[in-house]
Structures are given as structure tokens and as C-alpha cells.
Amino acid sequence: MAKLPLHTQFSSIQALRDALHGGSLSATELARSALDAIESHADLNAFLHVDPELTLAQARNVDAALKAGNAGPLAGIPIAHKDVFVTQGWRTTAGSRMLENYTSPFDATVVSRLADAGAVSLGKLNCDEFAMGSGSETSYFGPVRNPWDLSAVPGGSSGGSAAAVAAGLIMAATGTDTGGSIRQPAALCGISGIKPTYGTVSRLGMVAYGSSLDQAGPIARHARDLLDILEPMTGFDPLDSTSLEHCDGASNAPGRIRARFEAAQAKQQQNGSRPLEGLRIGVPREFFGTGLSPEVAQAVERALSTFEELGAVRVEISLPRTELSIPAYYVIAPAEASTNLSRYDGVRFGHRAESYTDLEDMTSRSRFEGFGEEVRRRVLVGTYVLCHGYYDAYYLQAQRVRRMITDDFQQAFSQHCDVIMGPVTPTVAKSIGDNREDPIADWLSDIYTLGVSLAGLPAMSVPCGFGTERPLPIGLQIIGNYFTEGELLAVADCYQQATDWHQRTPGQQ
Ligand code: GLN
């Protein structure tokens with residue numbers, strides 16, 4: 001059994017922070033032990049780039065700041081970034097051969113904000129190529145493995161992030177969610193993750209997939225740790241044209257989410273033994289139809305009963321366009337991807353073919369060699385639906401459906417419920433290679449997460465049980481209205497105080 005790093009002795013970021021501030025351990029010691037653990041867990045294939053010198057230099061700076069008494073709120077906390085956030089030091093590949101040797105001249109806003117808060121980065125995490133996938137199998141650098149069962153996928157596309165946190169290699173990780181890529185791997189690896197409202201976290205320096213959908217968020221063990229990481233990530237960024245300056249009247253600045261979290265928690269405390277009294281949970285009928293495996297349905301049902309015991313009431317709702325979220329998303333996301341990825345032309349960025357006849361041949365060979373099969377499939381689909389003659393029939397139609405899906409959620413929130421709950425994925429983690437012959441099977445498994453992304457809503461996943469056939473983790477999805485990240489985290493925290501699914505670790509469930 002490989003050694004676990006020092007930070008695994010602490011149950012939360014808060015507890016680790018107290019130890020660091022109290023001087024009982026240093027950021028450098030923590031970083032060293034995490035680096036060792038990462039090396040001994042190479043079989044997970046979770047990390048793509050590790051650079052001990054860069055990490056230890058960060059840790060030493062943090063130790064100096066701790067001594068001087070001016071350390072940031074995340075001083076010394078070991079984290080790592082999904083390899084779609086550009087970093088000045090480590091290479092940024094987005095899991096693609098196209099960017100195999102790419103190093104950015106600047107840090108993504110998310111990366112610099114977390115570094116400013118004092119977090120120490122252990123490196124870059126494997127993911128589906130350009131974040132396209134649901135199993136972390138499309139990476140040019142090989143599939144990521146699920147720490148609960150090395151033959152299973154960790155979910156995708158932020159699979160390296162989820163696997164590394166679940167295995168205890170780091171305390172938290174960044175991820176990105178275009179159609180489910182934070183919630184889904186968090187669910188399949190038995191940890192927690194939140195995708196905030198579109199526009200609350202800067203996309204500057206995030207390798208673009210579907211720009212109207214992409215949103216960054218944290219993956220960690222439980223809701224309280226998510227709050228600690230999400231807070232410094234958020235905030236208006238004048239360099240990102242889709243970044244929000246205001247959220248619900250409040251400034252989009254660190255402090256907003258924590259304030260709402262604390263207000264929600266104060267209300268819970270007033271309610272005494274039934275902390276969630278008055279909370280209306282919408283349970284969409286369409287999330288429990290065919291395709292949902294009985295073991296996932298059962299775990300989600302049990303979680304809903306726990307919420308009822310905590311005082312919440314359950315309301316059946318309908319999100320009638322749920323099924324349409326798959327075709328709508330798989331038109332819009334590839335359309336945006338095809339334009340975003342046109343920048344990889346062999347001239348300005350990334351891979352260039354060694355031999356070619358003329359400029360056009362160079363671009364086409366470079367793209368063919370640089371992109372994997374799934375990325376090429378998406379670029380083709382995207383280019384097709386944007387073609388003159390097909391644009392109205394596919395792209396515009398998908399945008400209309402997107403609006404209707406958004407309206408369905410708004411109707412639910414304005415008339416029936418405060419939060420929506422349901423499964424994250426239809427099944428527990430599949431085995432690596434299961435869907436190799438049938439890429440569409442992966443697309444279908446995104447049914448419960450895509451609508452939220454199309455609507456730009458915040459949503460999270462928290463662990464709520466294990467499969468019966470194979471003891472693999474199951475996640476519960478909690479969806480809120482715009483800007484309710486704080487309330488969602490408070491609801492999740494309340495559940496996590498009443499249950500211990502989030503405390504289970506691979507090898508000892
Ligand atoms: N599975 C979805 C896709 O492949 C979502 C991926 C994501 O959220 N990045 O597009």
C-alpha cells in the first residue's frame with residue numbers, strides 16, 4: 001500500500017489551515033509528501049505534468065508568508081489544476097497531442113487567483129482531450145483510472161482531478177464543466193464537485209471547448225472544502241468578456257458565496273433539529289425514467305429520504321425537455337468547438353506535421369495528426385451544423401431548444417421548488433474501454449447534466465452511496481437557480497453532516 005500524504009490526516013481545508021498557521025507543519029513538508037504520493041500512484045495516470053522544483057518554490061514562498069504573518073486564506077493547501085488551465089511553468093496540453101509541447105506565456109486567471117490565495121500547485125491533471133468526453137478515456141496520454149477500481153473509468157472530462165482527490169493525492173483540484181465534467185467525475189469517484197453559475201468564474205486562460213457553456217469549478221471531498229476553493233476562484237475579470245460583474249445585485253467578488261452560505265446556515269441553525277424545514281426539493285420525473293440503473297435510483301431515493309428527515313419537503317416536478325438536452329447540446333457544443341479549435345492550424349499553436357506539400361496540406365495534416373478521434377468527430381459535426389443550408393435546421397433549432405430547456409428550469413424554480421435533486425449519471429462507473437465501439441453511448445450518459453449546462457445554472461454532486469453489483473461510488477446532483485452556490489453548498493453541507501459517504505476512501509468503503 002503506497003504511503004498517503006500528510007494532508008490526508010486532516011479532515012478539511014480548515015483543519016489543515018489551522019495546523020499550518022499554528023506552525024505544527026510546513027507547506028514544504030506537505031508539498032514533499034504529496035509529491036511522493038503522486039509518484040507512487042502513477043498507475044492512476046492522473047497527473048500529466050509534475051515539476052517538484054516549481055511546487056517546492058511555491059511552498060517555500062508560502063512558508064515565508066506564514067512566518068511573516070501575511071499568508072493568504074489557502075496558504076499551503078495542496079491542489080492541482082486540470083490541464084486545460086494554462087500555466088506559465090507547467091506545460092498545458094488539454095490532453096491532446098496538438099498541444100503536447102505547449103507552454104503558455106501566462107497563467108489562467110483561476111490559476112493566478114488560487115496561487116495568490118496561497119494554494120500550492122502539485123501540477124497538471126489528465127483529462128479528456130480538449131475536455132470532450134465522459135470517461136477521461138480520450139486523452140492522448142492514456143486513460144485515467146478510478147482509484148476505487150483501477151479497471152473502471154473515473155468519469156470525465158475532469159477525471160484526473162477527481163481521481164487525484166479521491167486517492168488523497170491532493171486536497172482539492174480545479175475542473176471545468178461544459179456539460180457535466182465536474183459533477184460526473186466527482187460522482188463516479190465518490191467525492192464532491194460544484195459547477196457555479198456561468199460567468200462567475202473567469203474563463204481567461206481556460207483552453208476553450210464550448211465558450212457559451214464552459215465554466216470552471218472545484219472538486220474536493222466535501223462541501224466546506226468546495227466553498228474554500230470556489231471563493232477565491234470567483235470574481236469579475238475584465239479580460240473575459242463573459243465574466244459577470246454582478247451576481248443578483250451583489251458584486252461578483254470573493255465573499256459573495258460565503259455570505260450566502262453563512263446566511264443559509266444561520267437559518268438552518270434556527271430550525272433546530274429539522275435544519276432544512278421549509279426547503280422544497282423538486283424531483284424531476286424525467287430523471288427517473290428508463291436508462292437509470294436500479295442501484296443509482298435506490299441510492300438517490302435514500303438520499304432524498306435523508307433530506308426529508310432533515311425537514312425538507314419533496315415535490316414532484318417536470319423538466320419535459322430533458323431528453324432534448326442531448327441533441328441540443330451535441331449540436332451547440334461541437335459547433336462552438338469547431339470554431340474554437342480552428343486556431344490549431346499548425347501555424348500559430350501546437351503540433352505541425354513534419355512533411356507537407358503546401359499551406360493547406362500543412363494545416364490539414366497537422367490537424368489530422370494532432371487531434372484524436374473524438375475531437376475530429378466533434379469538429380466534423382460542428383462544421384456540418386454550421387454550414388450554410390444546415391445552420392437553420394440544426395444550429396438555430398438547437399438554440400431554440402436551449403431556450404425552452406432554460407424556461408423549464410425557470411418555471412420549476414419560480415413555481416415549485418428551491419432546489420432540484422436527482423442522479424448525476426445513469427450508472428456507476430463503466431470499465432475502461434466499454435464504450436469504445438459506441439461513442440454515442442457516452443453522449444447518452446450525459447442526460448442528467450447537460451440541461452443544467454445549457455441553462456447556465458449552478459449544480460453540484462455529492463456522494464450518496466455505492467453500487468450493489470460493484471462497490472463503486474454514486475453521486476447525488478443538487479441543482480439551484482442562478483447565483484445560489486452558497487445555498488447549494490449549505491444544503492450539501494447539512495446532508496454531509498448527517499451522512500458519511502464523503503468520508504469513505506478507496507480501499508476502506
Ligand atoms: N461529456 C460531455 C462532452 O463530452 C461534457 C464534457 C464537459 O463537460 N467538458 O461534451
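Would you check if there is a residue in the stretch 149-167 being crowded, with 24+ Cβ neighbours inside 10 Å, away from the ligand (no atom under 16 Å from the Cβ) and under 28 Å from N70 (Cα atoms)? Scanning the stretch 149-167 turns up at least one residue that is crowded, with 24+ Cβ neighbours inside 10 Å, away from the ligand (no atom under 16 Å from the Cβ) and under 28 Å from N70 (Cα atoms).
Of the residues making up the stretch 462-479, those that are surrounded by fewer than 20 Cβ atoms within 10 Å (Cβ to Cβ) and either without any contact (Cβ under 8 Å) to a residue 60 or more places away in the chain or out of contact with any strand residue (DSSP E or B) (no Cβ under 7 Å at 6 or more places or on another chain) (or both) are T468, E469, P471. What residue, among those in the stretch 351-381 that are within 16 Å of S96 (Cβ to Cβ) and loosely packed, with under 14 Cβ neighbours inside 10 Å, is nearest to the ligand (Cβ to nearest atom)? Ranking the candidates gives E373 first.
Restricting Y482, Y448 to those that are aromatic (F, W, Y) and crowded, with 24+ Cβ neighbours inside 10 Å reduces the list to Y448. Between A34, A42, the distinction of being hydrophobic (A, V, I, L, M, F, W, C), exposed (fewer than 15 other Cβ atoms within 10 Å of the Cβ) and out of contact with any Ser or Thr (no Cβ under 6 Å at 6 or more places or on another chain) belongs to A42 only.
Residue by residue through the stretch 413-434, note down the ones that are crowded, with 22+ Cβ neighbours inside 10 Å and farther than 15 Å from Q184 by Cβ. If the condition is that a residue be crowded, with 22+ Cβ neighbours inside 10 Å and farther than 15 Å from Q184 by Cβ, then C417, V419, I420, M421 are the ones that fit. Taking the stretch 254-273 as the range and being crowded, with 16+ Cβ neighbours inside 10 Å and part of a helix (DSSP H, G or I) as the test, the residues that pass are R256, I257, R258, R260, F261, A264, Q265, K267, Q268. Considered as a group, the residues in the stretch 286-311 that are outside any helix (DSSP H, G or I) and touching a residue at least 40 places away in the same chain (Cβ under 8 Å) include one that is farthest from L188 (Cα to Cα), and that residue is G311. Is it the case that some residue within the stretch 133-143 is under 16 Å from the mean Cα position of the chain (by Cα), surrounded by 24 or more Cβ atoms within 10 Å (Cβ to Cβ), outside any loop (DSSP other than H, G, I, E, B) and in contact (Cβ under 8 Å) with a residue 24 or more places away in the chain? Looking for residues that are under 16 Å from the mean Cα position of the chain (by Cα), surrounded by 24 or more Cβ atoms within 10 Å (Cβ to Cβ), outside any loop (DSSP other than H, G, I, E, B) and in contact (Cβ under 8 Å) with a residue 24 or more places away in the chain, one finds none in the stretch 133-143, hence no.
When each of L35, L54, L66 is tested for being under 30 Å from S151 (Cβ atoms), in a helix (DSSP H, G or I) and out of contact with any strand residue (DSSP E or B) (no Cβ under 6 Å at 6 or more places or on another chain), the lone residue that passes is L35.
Can you name the residue in the stretch 69-102 that is β-branched (V, I, T) and part of a loop (DSSP other than H, G, I, E, B) and, of all such residues, is surrounded by the most Cβ atoms within 10 Å (Cβ to Cβ)? Filtering first and then ranking leaves V84. Evaluated against (1) surrounded by 22 or more Cβ atoms within 10 Å (Cβ to Cβ); (2) within 16 Å of the ligand (Cβ to nearest atom), N340 falls short on exactly one condition, (1).
Among residues of the stretch 99-111 that are farther than 14 Å from Y344 by Cβ and modelled with pLDDT under 95, none has a Cβ under 7 angstrom from a residue that is of a type in the set (S, T, N, Q) and surrounded by 16 or more Cβ atoms within 10 Å (Cβ to Cβ) at a sequence gap of 6+ or on a separate chain.
The rows are residues; the columns are (1) under 24 Å from A34 (Cβ atoms); (2) within 13 Å of the ligand (Cβ to nearest atom); (3) of a type in the set (S, T, Y).
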residue	(1), (2), (3)
V86	yes, no, no
Y102	no, no, yes
P105	no, no, no
D116	yes, no, no
S121	yes, no, yes
L125	yes, no, no
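The values are calculated or read from the model by the stated rules, or taken from the named source; none is laboratory data. From a predicted model like this one, the values you see are computed outputs, not experimental measurements. Positions of Cβ are generated from backbone atoms using ideal geometry, with glycine treated the same way; all protein chains shown enter the neighbour counts.
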